[in-house]
Amino acid sequence: MIYSLPQALDRTADKFPDHEAIRCNGKGLTYALLQQQANNLAAILQQQGVQRGDRVGIYINKDIESAVSIYGIMKAGAAYVPLDPFAPVERLSYVINDCGIRVIITKQNKLAQVRSMVAETNLNCLIGIGPQDDLVVTCIPWEQVTDPERQDMPNLHVIEQDLAYILYTSGSTGTPKGIMHTHRSALSFAEWACDEYELTVEDRVTNHAPYHFDLSTFDLFATMLAGGTMVIIPEFVTKFPASHSQLLQDEKITVSYTVPFALIMLMERGALAKRDLSALRWVLFAGEVFPTKHLRELMKQWPEKRFSNLYGPTETNVCTYYHVPLLAEDDEDTIPIGFACANEEMLVVDRDNEPVVPGEVGELLVRGGTVMRGYWGRPDLNEKGFYRRSVFGNYEDLFYRTGDLVLQEPDGNFRYFGRKDRQVKTRGYRVELDEVEVALLAHEDVKEAAVYTVSDGNGSNLIEAAVIPNENTELTHNILAKHVGDKLPPYAVPTKIYIMADFPRTSTGKINRRELQVMSEQQEATAVAR
């Protein structure tokens, strides 16, 4: 039985030593070399005082070295903490201090930012950078990790309940919060995913998501369990849909896992008609709602591919899945999030924490193997995020509160109705902002939509929205307000709807609603000034 991710890597390396484990920018690394370099890195980390349960940061743009770093850190018995390579130094320094990181793995091109981090934190070792006279920390070049003469074997003792990684996400107050996952929670998801999507040694799976985004764990761990090849899509490629589709063709990708936005960009600007993507068999997506009209169009372009919607907050990995059937032309409903994954249980409750009957909307609670250990150093969030209730009337267990509103349909599928905390009061009425977004997206000329609230100055909220129109179309506030008014009550119609060329996005591709609100206000101010 496999108890840890390093143990899983060793098993795969023994079975498929000469098979490529990772590819990036046309270069590859076999499982045997991945194992050796991860062992070398683990030994170096332990020599620098890293102990079981410590946290080690990774501050690298995605490449082969970053993947080696993940396995090397876990082989040292530590938990890896991926630092967003594009985030402000101040935010990263907060993360380093918050979870007590003393060692980070980085590269020479990050030296300027690393200098600031060293000044603001208690870092004492940098791996991946040569000696620096002006830095009072140990610097170890990456060549020590890749040295073929080294055959280090780290002193490893890890159990399934130990931490494997901590992913930091934005908190509601703007302060990042660390989500702790164990080897068991990571393996529970990876083992299910490997079986459900029938991954084999022949599969070539994209690594599209940043490592600080939970989607990346599918690429890293499910692919490794199968002995397949993970093909890293560098950040610069993700910005150019035509380059993205070229990579899918050249690398003969068989399974692609990404966010809906990336797939929409591929469909619209990826020159798909010019590509031979016959190797691609599964298209998986997660992270946000995929507008049905866009998904239907992509499925028309790729009729021979299978599509699957995976759902789950970072705290649960993935907990439900839905294999998408052919979509009817007149179907504008959002697609379901599907059934519970193996080793997961779903519970839908009302405001009093009482289970609702199927067909009623309530908050989704999850218990099972993929659920996180908790939030790092935040007992207040753990108290709020978990709910203890009796199971089978005999004992209590913890359920994670997702904060998502769902409904279970007669066929057993769950349907997502937005965030519980996206419910707002406006003009005395309760409105679900995600429902307003769905109404806007139903307009044939709307490509994307985002809805948010602003203060009315009197202690209540006003609803505003922004949309990106399809090319060569004319949209106005009045046209869209009437469209929404035909679908929703008058109090749910946004008071202002901005027409924009693009939306600001987070490093994981999601819409940055806070920045979008600022941009909308600036657009209005500019219009007034004219």
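The values are calculated or read from the model by the stated rules, or taken from the named source; none is laboratory data. No experiment lies behind these values; they were computed from the predicted model shown. Cβ: placed from backbone, ideal geometry, glycine included. Neighbour counts: every protein chain shown.
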Provide a single number: the residues in region 200-257 that are within 16 Å of the chain's Cα centre (by Cα), in a loop (DSSP other than H, G, I, E, B) and hydrophobic (A, V, I, L, M, F, W, C). 4
Mind listing just one residue for me: the one in region 1-41 that is of a type in the set (Val, Ile, Thr) and touching a residue at least 60 places away in the same chain (Cβ under 8 Å) and, of those, farthest from residue 232 (Cα to Cα)? 2
Assess whether residue 73 counts as being in a loop (DSSP other than H, G, I, E, B) and either touching a helix residue (DSSP H, G or I) at 6+ places or on another chain (Cβ under 8 Å) or at pLDDT below 95 (or both). no
State yes or no: is residue 112 surrounded by fewer than 21 Cβ atoms within 10 Å (Cβ to Cβ) and in the same structural domain as residue 214 (by TED's automatic domain parsing)? yes
Before we move on, is residue 94 farther than 18 Å from residue 164 by Cα and in contact (Cβ under 8 Å) with a residue 60 or more places away in the chain? yes
Does at least one position in region 345-359 carry a residue that is under 22 Å from the mean Cα position of the chain (by Cα) and either assigned to a strand (DSSP E or B) or not assigned by TED's automatic domain parsing to the domain that holds residue 180 (or both)? yes
Which condition number in (1) in contact with a Phe, Trp or Tyr (Cβ under 8 Å, 6 or more places away or on another chain); (2) surrounded by 24 or more Cβ atoms within 10 Å (Cβ to Cβ); (3) of a type outside the set (D, E, K, R) is the one that residue 145 fails? (1)
For a quick check of your reading: which strands (runs of 3 or more DSSP E) sit entirely within region 388-494 and have at least 2 residues that are of a type in the set (A, V, I, L, M, F, W, C) and under 27 Å from the mean Cα position of the chain (by Cα)? 395-408, 414-419, 446-455, 461-469
Which members of region 360-387 meet the condition of being under 29 Å from residue 162 (Cβ atoms) and assigned to a loop (DSSP other than H, G, I, E, B)? 369, 370, 371, 372, 373, 376, 377, 378
Condition check for residue 130: of a type in the set (Gly, Ala, Ser), surrounded by fewer than 18 Cβ atoms within 10 Å (Cβ to Cβ), assigned by TED's automatic domain parsing to the domain that holds residue 25 and at pLDDT below 95: yes
Go through 255, 231, 283, 318 for me and flag whichever is in contact (Cβ under 8 Å) with a residue 12 or more places away in the chain and in the same structural domain as residue 34 (by TED's automatic domain parsing). 231
Can you tell me which residue is farthest from residue 218 (Cα to Cα) among those in region 304-324 that are at pLDDT 95 or above and surrounded by fewer than 20 Cβ atoms within 10 Å (Cβ to Cβ)? 304
Region 176-192, residues that are part of a helix (DSSP H, G or I) and within 16 Å of residue 165 (Cβ to Cβ): 183, 184, 185, 186, 187, 188, 189, 190
